[in-house]
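As structure tokens, the structure follows; a few thoughts come after it.
The values are calculated or read from the model by the stated rules, or taken from the named source; none is laboratory data. A quick note: this is a predicted structure, and the numbers were derived from the prediction, not measured. Counting neighbours? That spans all protein chains shown, and the Cβs are built from the backbone with ideal geometry, glycine included.
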Amino acid sequence: MKKSLSVAALAAAMFVCGSAANAEDTVKFWYHFDNADNPMADLVSRFEAKNPGIKIEAENIPWNSYYDNLYTSIIAGSAPDAAMVKMHAQPRLVEMGALEPLDDRIAAWDGASDIQENLFDLTKGPDGNQYYLPVQYVVLYLYYRADMFKELGLEPPKTCDDFRNAAIKLTRDTNGDGRKDVYGFGFRGGKGGHDHWGSMVLSREGASFDKGGLTNDAAVAGTQFVVDLFEKDKVFPPSAPNDGFKEVTGAFKAGTTAMTIHHIGSANDMVAALGDKVSATTVPECGGGRWTSFGDESTAVFSSASNKDAAWKWIAFLSSEGNNKEFNESTGQLPVTKSDSANWTLHPKRFVDATVASLPFAHMLPNRPETSDFVNTEWPVNMQRALTGEITAKEMNEKIEALFNH
């Protein structure tokens with residue numbers, strides 16, 4: 001009887017050990033792709049063939065709930081082993097102790113020298129450590145309907161005044177039914193629209209997220225400029241306070257807006273819909289300067305990962321020559337590797353040129369824990385309230401400034 005119990009106990013122990021080993025060799029990876037052309041299955045297969053001891057479970061999480069799900073999973077102790085992440089989330093993730101430092105792994109990685117020179121500096125953590133491995137990037141610029149501009153004898157706007165004048169002329173009834181069917185600018189009032197607002201506000205001399213930087217006259221005038229474009233000039237579609245990425249880009253492709261702000265990630269879809277009718281230029285100079293967003297995307301290993309080395313191997317694979325090219329051919333953003341960038345032909349030259357021309361005044365949001373709340377709640381909620389007249393431009397700026405300077 002004792003012998004039988006010992007054998008049973010041994011068998012159970014072997015089962016548990018075997019399960020633990022399998023669990024440690026599985027990397028749970030979260031990512032977000034909007035497009036149907038998703039290369040992840042091919043990349044996973046190639047990686048697993050080269051690393052037979054590691055299995056990748058890649059899950060595509062919807063963007064609108066991505067960070068809500070991520071933060072919840074960390075608190076619940078069920079975080080992924082690795083995931084795609086943006087800079088605005090890094091301070092909070094570091095504060096939560098959720099990220100694994102990657103400095104030593106990057107230093108020992110052969111692929112590090114192939115990453116574009118400035119990307120490690122841009123993605124460095126608030127404490128100076130490297131928690132992120134760049135995987136793609138973009139810089140935002142102004143899309144415009146070249147055919148509509150030509151029809152009306154307009155030039156691409158260089159200043160905010162040019163922009164407003166063009167938007168007013170482009171907002172019109174083109175079919176004679178007495179209703180506007182084209183609006184000058186597709187403004188993104190939902191999540192992610194802070195980039196549109198920033199180009200018209202943070203560009204202004206003295207505007208910043210520091211104390212007094214949003215409540216000074218210049219910054220308030222910037223937000224008022226945005227509100228007036230909607231309320232007085234009526235050059236945004238009526239749906240603008242709630243519009244997100246799909247609505248804004250969809251309206252532009254459908255011809256119901258003549259300008260919008262996004263990046264090279266949407267260029268090929270724009271060309272597929274509009275051909276040579278679409279072009280791009282830098283965002284206009286507003287209030288003495290220019291400001292546009294450096295759009296980052298990186299990957300990270302989480303401190304709770306059961307096998308951090310396996311998770312690192314996977315994210316390093318995604319940022320390596322060839323694999324990074326395939327990854328970004330699907331996402332439509334730019335590769336982080338020098339080798340894949342050298343012969344990049346995915347996008348028409350005019351959009352690459354607009355990206356490069358925008359780099360000198362590209363910025364990132366403050367690398368602070370408050371930035372996540374700004375992006376996900378404070379900005380969209382207060383922008384919507386300002387656009388609908390519930391609060392003033394000054395009150396909106398005061399609320400955002402209070403978030404960063406409490």
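Of all the residues in the stretch 165-199, those that are farther than 16 Å from Gln384 by Cα, touching a residue at least 60 places away in the same chain (Cβ under 8 Å) and not polar (S, T, N, Q) number 9. Among the residues of this structure, Gly206 does not count as one that is modelled with pLDDT of 95 or more, touching a Leu at 6+ places or on another chain (Cβ under 8 Å) and either of a type outside the set (Val, Ile, Thr) or in the same structural domain as Pro62 (by TED's automatic domain parsing) (or both).
Any residue in the stretch 251-259 that is surrounded by fewer than 24 Cβ atoms within 10 Å (Cβ to Cβ), in contact (Cβ under 8 Å) with a residue 60 or more places away in the chain and either of a type in the set (S, T, N, Q) or under 23 Å from Glu401 (Cβ atoms) (or both)? Yes, that holds for at least one residue.
The set of residues in the stretch 41-81 being β-branched (Val, Ile, Thr) and surrounded by fewer than 13 Cβ atoms within 10 Å (Cβ to Cβ) consists of Thr72, Ile75.
Taking the conditions (1) touching a Phe, Trp or Tyr at 6+ places or on another chain (Cβ under 9 Å); (2) free of Cβ contacts under 8 Å to residues at least 24 places away in the same chain in turn, Pro366 satisfies each one other than (2). A search for C-beta distances below 6 Å between a residue of the stretch 343-356 that is within 18 Å of Asn324 (Cα to Cα) and any residue that is of a type outside the set (A, V, I, L, M), counting only pairs 6+ apart in sequence or on different chains, returns Leu346/Glu329. For Ala207, the conditions (1) assigned to a helix (DSSP H, G or I); (2) of a type in the set (Gly, Ala, Ser); (3) surrounded by 15 or more Cβ atoms within 10 Å (Cβ to Cβ) are fulfilled apart from (1). One residue alone among Ala305, Ala311 is surrounded by fewer than 22 Cβ atoms within 10 Å (Cβ to Cβ), modelled with pLDDT of 95 or more and either outside any loop (DSSP other than H, G, I, E, B) or not assigned by TED's automatic domain parsing to the domain that holds Gly222 (or both), and that residue is Ala305.
For the stretch 81-89, does any single residue satisfy the condition of being over 19 Å from His32 (Cα atoms) and of a type in the set (Gly, Ala, Ser)? No, the stretch 81-89 has no match at all. At least 1 residues being assigned by TED's automatic domain parsing to the domain that holds Gly332, of a type outside the set (Ser, Thr, Tyr) and within 23 Å of Val352 (Cα to Cα) is the threshold, and among the helices (runs of 4 or more DSSP H) wholly inside the stretch 84-179 those reaching it are 119-122. Go through the stretch 347-393 and give me each residue that's aliphatic (A, V, I, L, M) and modelled with pLDDT under 90. Matches in the stretch 347-393: Val352, Val356, Ala357, Leu359, Ala362, Met364, Leu365. Note on the stretch 314-332: residues that are within 22 Å of Glu117 (Cα to Cα) and assigned to a helix (DSSP H, G or I) amount to 13. Filtering the stretch 54-83 down to residues that are in contact (Cβ under 8 Å) with a residue 60 or more places away in the chain and part of a loop (DSSP other than H, G, I, E, B), which residue is farthest from the chain's Cα centre (by Cα)? Result: Ile54. Residues in the stretch 338-370 that are touching an Asp or Glu at 6+ places or on another chain (Cβ under 6 Å) and of a type in the set (S, T, N, Q): Ser339 only. In the set (1) of a type in the set (A, V, I, L, M, F, W, C); (2) farther than 23 Å from Asn64 by Cα; (3) out of contact with any strand residue (DSSP E or B) (no Cβ under 9 Å at 6 or more places or on another chain); (4) assigned to a helix (DSSP H, G or I), the condition left unmet by Val271 is number (3).
Among the residues of the stretch 29-40, what is the count of those that are among the polar types (S, T, N, Q) and loosely packed, with under 15 Cβ neighbours inside 10 Å? Walk me through it before giving the result.
Pass one, the stretch 29-40, residues among the polar types (S, T, N, Q): 35, 38.
Among the residues that remain, those that are also loosely packed, with under 15 Cβ neighbours inside 10 Å are: 35.
Final tally of qualifying residues: 1.
If you go through the stretch 356-378 and keep only what is crowded, with 16+ Cβ neighbours inside 10 Å and closer than 20 Å to Phe120 by Cβ, you end up with Ala362, Leu365, Pro366, Asn367, Arg368, Thr371.
Cβ-Cβ distances below 8 Å connect the following pairs, each with a first residue in the stretch 323-340 that is on the phi > 0 side of the Ramachandran plot, a second residue that is assigned to a loop (DSSP other than H, G, I, E, B) and of a type outside the set (Ser, Thr, Tyr), and a separation of six or more residues or different chains: Gly332/Asn35; Gly332/Leu346; Gly332/His347.
Scan the stretch 248-286 for residues that are modelled with pLDDT under 95 and polar (S, T, N, Q) and jot them down. First the steps, then the outcome.
If we filter the stretch 248-286 for residues that are modelled with pLDDT under 95, which is where we start, we get 263-269.
Matches in the stretch 248-286: Ser266, Asn268.
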